[in-house]
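Engineer: Provided herewith is a single structure, encoded as structure tokens, for subsequent inquiry.
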Amino acid sequence: MLAIACIKQVPDTTQVQIDPETNTLVREGIPFIVNPYDTHALEESLRMHDQFGMRSIALSMGPPNTEATLRKACALGVDEAILLSDRCFGGADTLATSNVLATAIDRLAQEEELGIVFCGKQTIDGDTAQVGPGIASRLGLQQLTLVDKIEHLDLEKKTIRVRRKLEGRHEIVEAPLPVMITTVRELNRPRYPTVPMRLAARDVEVRTWDNATLQIDPETVGLKGSPTWVCKIFSPERDQGEIIGDGVNDPDGTADLLIDKLLSKDLLAL
Amino acid sequence: MTSSKIIILLLFSASGLAFVWSLYRRLSLVQLGQGKGRFDRFGERFGNMLLYAFGQKKVLARPYGVNHAIFFWACLFLVAVNLEFVLAGIFPALHLSHLPDALYVPIRLGSDLFSFLTLGAVAAALVRRTFFPLYPEARNIEGYFIVIIIAVHMLAYFGINATEIAQGQERASAWMPISLFASGFIKGASPAELASLHSLFWWVHAVALLVIFNYLIPFSKHLHVITAIGNCFFRDLDKPNTQPRETFEIGADFGADSVAKLSWKDLFDSFACTECGRCEEACPAHHTGKKLSPRQLIHDIKQNLLANREAIKNGQEPPLPLIGENGEGSCSEESIWDCTTCGACLQACPVFIEHPLKTVKLRRHLVQEKSSFPEELLNLFENSEQRFNPWGIPPSDRGKWCQPFGDRTFDAEQNEYLFFVGCAGAFDNRSKHVTAAVAMIMEAAGVTWGILDKDELCCGDSLRRLGNEYVFDQLAAKNVALFKERGVKKIVTQCPHCFTTLANDYRQYGLDIEVIHHSELIEKLLAENKLTLPQQKKQGKMLFHDSCYLGRHNDNFDAPRQVLKQATGSSLLEFGRNRENGFCCGAGGGRMWMEELSGTRINRERVQEALQQKPETICTACPYCMTMLGDGLKDEGAGEVKVKDIAEVVAEALEGQA
């Protein structure tokens, strides 16, 4: 049974700046990282492998350099890493991305029974949280979003019970397999790769599937298949802050001033 | 030859052979370890051996060491005399009495006095072991057994002499005050009684000797009488806290989870240890109630080697794991993580055992082969690898502190020094003030400097001491390549951890240029009058805390003190534990990034020690120490005491204002 983790290589957004002239992201020289939420998706698929003997697969759509990210997944111990890469996949929005990922998952499911697809709850560059649900909709999977705990997995009855982390409350949900789960940070603590695994991952073959393999209608992928267009990116103007008091010489007085200020803005509930 | 002589001959021959054989058997076990012998710089090594083994220099660094020195020197003398005892027992013609008086009398006098001194040392040892042991487990059977055997041996020696004097056979009796005194007790005995007494004492003396040579030396911690001499010869002549590199190839071992993966010297160390407990007493982790004891670590390595030797020789899996909760012979993971690599144990050990090196090898295994480490380290590891600093702050912020100084990108043509700011200096808000102070001082002295800004990577000190050699290796290689690419000739650091890493560890990566810590640079600039301070700025009662990585690991004790004296015009207070014996702040060895969950806090202990002197300012020259002492002062409710880096004190004197 398959436990597939969909992961995305993203620019380290803490290091990305916006070019004020062109209103685009300056990505030059910015290191790529695995989308932090996806590291939890990957970890959970590895745990499915460790605990239930499922086959863990890391799947990523992106340019050829995404191979580095998949190699990291190999160092962590996935059974297989597959890169979905084709020029025509470029410029995709969430609709087009979920199309490619769903097609690839469907292809994998032809050969082996699909158990769970794990996705991070959202990416830190797009923040849409749409790709996971998009995959579920396309493949007709039960979708369990914002999962912070897997309560029970019964491979005999093929059911799963999870806890969803919602605003101010938890929700326990049960669903029949196969399911699509989006993961939050609280779900697990991602493992750290051992050196022997890192070294072995250097030589592992990362399979690449292009559109010749996937055979998707080019009109439904990449830029062409993306109805969403980003018009402008900008940093919101922020009001100038102010320095109150003298924290070095009069910490107590400054703390009083700060509390008065917060009260006057109604930011402190008393 | 009489039958008794034949028995003696056979007995001593067998004993001598057994002694050599058992020594060979035991010491050849070190060959199960890795690495090559240390026979380079032979003269220097030989000198070390004379000074530290035969001269007992480090043993005598502590008052009680006098007692050991008496044992040792008396033993050296008495070994020679005992050789005569053995030989004369078999071949009476070899008896010392055949020597002329000019030689014979001094030897007899010396033997008498040394034997008596040894008895005194035995008494002192018994009192100490019973009433003031350095650690409670020192009150063990083996510890008492050796001193008692020595006492028996000495008493029997006096017994032999006393009977010989009573028999009128000792011509030097007037020069043997103790033996002469003892002979008074048996004056009235008949010749037959004296003969039996002589025989009794002779055999007691002989049996004690056999026990020492055929049991205590080869099979107990008293093997150190031989191995400690070797250990002084084989000591690390460079920096014993600079861990060796690892090669990252498929199939290699990363770190050690078995004694066979330790170095031969690690194993030899375990045989050189006499479990005196000085390391344990000096260890900040042990001192604050944590699980780690450097003494126990070395003992466990020895016990593990002894338990696993057959399996290792036969290429089998060792039955007793080196890491784990298996009692004696096994090191618990908790104790492995307790170490701050401060080197207090290295300093305390009279025979140069290298404790932290072993701890780091065990950590390397845990991190690199098992991914098993305290969970708070995961962030450190990921951040260091992805954003090249421990906090995971964007590298683009690294040069922000420098904005008031304008663009200071390093330029080999224009700049004398590369200012390797370090992560704390670049990102920690408190340490940024120190960085600015160092920059200001260099400006005032006309020293040209530049920074690598966002291209500087963490030096990797914490990673290396925590055993994450793989990531350290990447950072080190990239930093060194960058230094070469930019044509760096001299580097100044404001952090002892960066300093030691660049100056010592990076040598392994081919970096062979001047690396200087800011304390030394400032001292030099002051001495050369390139830096002049318009006025001295008083700091009130001022204490200086030695950073382990500046002081103990790099022998820089004087420069920061000298700088402080010149900047303030006042004398310094000293901690009770200072300089070589300084007490760690608790942040070294990557402990900066870890929780301190067991025992009391090391930084609070250090701060309590400081507060006894009621200082107004505690000075340091290390960002980690600064954080730890500052936090400790707040915890102790002494937030009014200031913690300042020496550079800040100098900068204040430059500005002439607070």
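The values are calculated or read from the model by the stated rules, or taken from the named source; none is laboratory data. Quick caveat: nothing in here was measured; it's all calculated off a predicted structure. Using ideal geometry, Cβ is built from the backbone for each residue, glycine included, and neighbour counts are taken over all protein chains shown. The area values use the complete protein model at the heavy-atom level, side chains included, leaving out ligands, DNA and RNA. Shrake-Rupley method; radii C 1.70, N 1.55, O 1.52, S 1.80 Å.
Engineer: Could you figure out which of (1) modelled with pLDDT of 95 or more; (2) part of a loop (DSSP other than H, G, I, E, B); (3) of a type outside the set (Asp, Glu) isn't true of B:LEU533?
Structural biologist: Of everything listed in (1) modelled with pLDDT of 95 or more; (2) part of a loop (DSSP other than H, G, I, E, B); (3) of a type outside the set (Asp, Glu), B:LEU533 misses just condition (1).
Engineer: Quick check on my filter: what residues within region B:396-427 are of a type in the set (Asp, Glu) and farther than 23 Å from A:VAL16 by Cα?
Structural biologist: As a first pass, look at region B:396-427 and keep what is of a type in the set (Asp, Glu): B:397, B:407, B:411, B:413, B:416.
Once the filter is applied, which keeps residues that are of a type in the set (Asp, Glu) and farther than 23 Å from A:VAL16 by Cα, region B:396-427 yields B:ASP411, B:GLU413, B:GLU416.
Engineer: Can you find a residue in region A:98-113 that is among the β-branched types (Val, Ile, Thr), buried (at least 21 other Cβ atoms within 10 Å of the Cβ) and at pLDDT below 95?
Structural biologist: No, region A:98-113 contains no residue that is among the β-branched types (Val, Ile, Thr), buried (at least 21 other Cβ atoms within 10 Å of the Cβ) and at pLDDT below 95.
Engineer: If you don't mind, another one. Pick out the one residue from A:SER226, A:SER235 that is at pLDDT below 95 and within 20 Å of the chain's Cα centre (by Cα).
Structural biologist: A:SER226
Engineer: Taking A:GLU44 as meeting all but one of (1) closer than 30 Å to A:GLU156 by Cα; (2) open to solvent by less than 10 Å² (accessible area, probe 1.4 Å); (3) touching a Leu at 6+ places or on another chain (Cβ under 8 Å), write down the number of the exception.
Structural biologist: For A:GLU44, the failing item is (2).
Engineer: Something else: Report, by residue number, each residue of region A:10-53 that is at negative phi and in a loop (DSSP other than H, G, I, E, B).
Structural biologist: A:ASP12, A:VAL16, A:PRO20, A:GLU21, A:THR22, A:ARG27, A:GLU28, A:ILE30, A:PRO31, A:ASN35
Engineer: Could you say whether any residue in region B:170-189 is touching a residue at least 40 places away in the same chain (Cβ under 8 Å), in a loop (DSSP other than H, G, I, E, B) and surrounded by fewer than 18 Cβ atoms within 10 Å (Cβ to Cβ)?
Structural biologist: yes
Engineer: Where residues in region B:366-384 are in a loop (DSSP other than H, G, I, E, B) and of a type in the set (D, E, K, R), which of them is surrounded by the most Cβ atoms within 10 Å (Cβ to Cβ)?
Structural biologist: Quick first cut of region B:366-384, residues in a loop (DSSP other than H, G, I, E, B) only: B:370-376.
From the residues that got through so far, the ones that are of a type in the set (D, E, K, R) too are B:370, B:375-376.
Numbers: B:LYS370: 15, B:GLU375: 10, B:GLU376: 10.
If we take residues in region B:366-384 being in a loop (DSSP other than H, G, I, E, B) and of a type in the set (D, E, K, R), then B:LYS370 is surrounded by the most Cβ atoms within 10 Å (Cβ to Cβ).
Engineer: A further question on this structure: Go over the candidates A:LEU2, A:LEU83 one by one and state the one that is within 20 Å of A:ARG202 (Cα to Cα), away from chain B (no Cβ under 14 Å) and open to solvent by less than 20 Å² (accessible area, probe 1.4 Å).
Structural biologist: Going through A:LEU2, A:LEU83 in turn, the sole match is A:LEU83.
Engineer: Name the single residue, out of those in region B:77-102 being in contact (Cβ under 8 Å) with a residue 12 or more places away in the chain and aliphatic (A, V, I, L, M), that is farthest from B:LEU60 (Cα to Cα).
Structural biologist: To start, the set of residues in region B:77-102 that are in contact (Cβ under 8 Å) with a residue 12 or more places away in the chain comprises B:77-78, B:81-82, B:84-86, B:89-90, B:96-97, B:101.
So of that shortlist, the ones also aliphatic (A, V, I, L, M) come out as B:78, B:81, B:86, B:90, B:96.
Numbers: B:LEU78: 21, B:VAL81: 25, B:VAL86: 32, B:ILE90: 39, B:LEU96: 33 Å.
Out of the qualifying residues, it is B:ILE90.
Engineer: Would you tally the residues in region B:355-371 being closer than 19 Å to B:GLU595 by Cα and more than 9 Å from chain A (Cβ to nearest Cβ)?
Structural biologist: Filtering region B:355-371 down to residues closer than 19 Å to B:GLU595 by Cα leaves B:359-360, B:363, B:366-367, B:371.
Okay, now just the ones that are also more than 9 Å from chain A (Cβ to nearest Cβ), so B:359-360, B:363, B:366.
Matching residues across region B:355-371 total 4.
Engineer: Given B:PHE114, B:PHE72, B:PHE39, B:PHE85, which one is at pLDDT below 95, under 30 Å from B:ASP238 (Cβ atoms) and in a helix (DSSP H, G or I)? Outline the logic, then answer.
Structural biologist: On the way: B:PHE114 fails: under 30 Å from B:ASP238 (Cβ atoms); B:PHE39 fails: in a helix (DSSP H, G or I); B:PHE85 fails: under 30 Å from B:ASP238 (Cβ atoms).
The match here is B:PHE72.
Engineer: Since B:ALA444 meets every condition but one in (1) surrounded by fewer than 19 Cβ atoms within 10 Å (Cβ to Cβ); (2) within 14 Å of chain A (Cβ to nearest Cβ); (3) touching a Leu at 6+ places or on another chain (Cβ under 7 Å), which condition does it not meet?
Structural biologist: (2)
Engineer: Moving on. For residues in region B:376-387 being out of contact with any strand residue (DSSP E or B) (no Cβ under 8 Å at 6 or more places or on another chain) and facing chain A (nearest Cβ under 9 Å), which is farthest from B:GLU596 (Cα to Cα)?
Structural biologist: Among residues in region B:376-387 that are out of contact with any strand residue (DSSP E or B) (no Cβ under 8 Å at 6 or more places or on another chain) and facing chain A (nearest Cβ under 9 Å), the one farthest from B:GLU596 (Cα to Cα) is B:ARG387.
Engineer: Across region B:25-48, what is the total count of residues that are open to solvent by 60 Å² or more (accessible area, probe 1.4 Å) and touching a Pro at 6+ places or on another chain (Cβ under 7 Å)?
Structural biologist: Residues that pass the stated criteria total 0.
For (1) within 26 Å of B:MET592 (Cβ to Cβ); (2) among the basic types (Lys, Arg); (3) open to solvent by 10 Å² or more (accessible area, probe 1.4 Å), each residue gets a yes or a no:
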{"residue": "B:LYS239", "(1), (2), (3)": "yes, yes, yes"}
{"residue": "B:ILE298", "(1), (2), (3)": "yes, no, no"}
{"residue": "B:ASN304", "(1), (2), (3)": "no, no, no"}
{"residue": "B:ASN308", "(1), (2), (3)": "no, no, no"}
{"residue": "B:CYS339", "(1), (2), (3)": "yes, no, yes"}
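Engineer: Looking at region B:488-497, can you tell me whether even one residue there is open to solvent by 20 Å² or more (accessible area, probe 1.4 Å) and either within 21 Å of B:PHE248 (Cβ to Cβ) or more than 26 Å from the chain's Cα centre (by Cα) (or both)?
Structural biologist: Yes: one or more hits.
Engineer: Here's a follow-up. Can you tell me how many residues in region A:213-233 are open to solvent by 70 Å² or more (accessible area, probe 1.4 Å) and either closer than 18 Å to A:LEU108 by Cβ or within 14 Å of chain B (Cβ to nearest Cβ) (or both)?
Structural biologist: Adding up the residues that qualify gives 1.
Engineer: Looking at region B:398-410 only, could you name the residues that are surrounded by fewer than 22 Cβ atoms within 10 Å (Cβ to Cβ) and touching a residue at least 40 places away in the same chain (Cβ under 8 Å)?
Structural biologist: Answer for region B:398-410, where residues must be surrounded by fewer than 22 Cβ atoms within 10 Å (Cβ to Cβ) and touching a residue at least 40 places away in the same chain (Cβ under 8 Å): B:GLY399, B:CYS402, B:ARG408, B:THR409.
Engineer: So, one more: Which one of the conditions (1) open to solvent by 80 Å² or more (accessible area, probe 1.4 Å); (2) within 14 Å of chain B (Cβ to nearest Cβ) does A:GLN130 fail to meet, given that it meets all the rest?
Structural biologist: All conditions pass for A:GLN130, except number (2).
Engineer: Would you mind stating whether B:ILE522 is crowded, with 22+ Cβ neighbours inside 10 Å, farther than 30 Å from B:LEU466 by Cβ and either not β-branched (Val, Ile, Thr) or not assigned by TED's automatic domain parsing to the domain that holds B:GLN347 (or both)?
Structural biologist: Yes.
Engineer: While we're looking at this one, here's another question. Scan region A:20-39 for residues that are open to solvent by less than 50 Å² (accessible area, probe 1.4 Å) and either at pLDDT below 90 or within 13 Å of chain B (Cβ to nearest Cβ) (or both) and report the count.
Structural biologist: Selection size over region A:20-39: 8.
Engineer: Okay, next question. May I ask you to verify whether B:TRP401 is out of contact with any Gly (no Cβ under 8 Å at 6 or more places or on another chain) and more than 8 Å from chain A (Cβ to nearest Cβ)?
Structural biologist: On the way: out of contact with any Gly (no Cβ under 8 Å at 6 or more places or on another chain): no; more than 8 Å from chain A (Cβ to nearest Cβ): yes.
Considered against the rule, which asks whether it is out of contact with any Gly (no Cβ under 8 Å at 6 or more places or on another chain) and more than 8 Å from chain A (Cβ to nearest Cβ), B:TRP401 comes out as no.
Engineer: Follow-up question, since we're still on this one. Would you tally the residues in region B:568-605 being of a type in the set (D, E, K, R) and within 22 Å of B:ARG62 (Cα to Cα)?
Structural biologist: Just the residues of region B:568-605 that are of a type in the set (D, E, K, R), to begin with: B:574, B:577, B:579-580, B:591, B:595-596, B:601, B:604-605.
Those left that are additionally within 22 Å of B:ARG62 (Cα to Cα): B:574, B:577, B:579-580.
Result for region B:568-605: 4.
Yes/no matrix, rows are residues, columns are (1) touching a Cys at 6+ places or on another chain (Cβ under 7 Å); (2) surrounded by 16 or more Cβ atoms within 10 Å (Cβ to Cβ):
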residue: B:THR2; (1), (2): no, no
residue: B:LYS5; (1), (2): no, no
residue: B:ALA14; (1), (2): no, no
residue: B:LEU23; (1), (2): no, yes
residue: B:ALA53; (1), (2): yes, yes
residue: B:ASN67; (1), (2): no, yes
residue: B:PHE72; (1), (2): no, yes
residue: B:PHE85; (1), (2): no, yes
residue: B:ASP101; (1), (2): no, no
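Engineer: Ok, one more. If B:ALA228 passes every condition in (1) surrounded by fewer than 20 Cβ atoms within 10 Å (Cβ to Cβ); (2) under 24 Å from B:LYS302 (Cα atoms) but one, which one does it miss?
Structural biologist: Here B:ALA228 clears every test but (1).
Engineer: Test A:ILE244 against the criterion of being in a loop (DSSP other than H, G, I, E, B) and either over 30 Å from B:PHE248 (Cα atoms) or more than 14 Å from chain B (Cβ to nearest Cβ) (or both), and give yes or no.
Structural biologist: The answer is yes for A:ILE244.
Engineer: Which of the residues spanning region B:117-136 are in contact with a Lys or Arg (Cβ under 9 Å, 6 or more places away or on another chain) and in a helix (DSSP H, G or I)?
Structural biologist: B:ARG129, B:THR130
Engineer: Could you identify the single residue in B:PHE254, B:PHE271, B:PHE248 that is within 14 Å of chain A (Cβ to nearest Cβ) and buried (at least 22 other Cβ atoms within 10 Å of the Cβ)?
Structural biologist: B:PHE254
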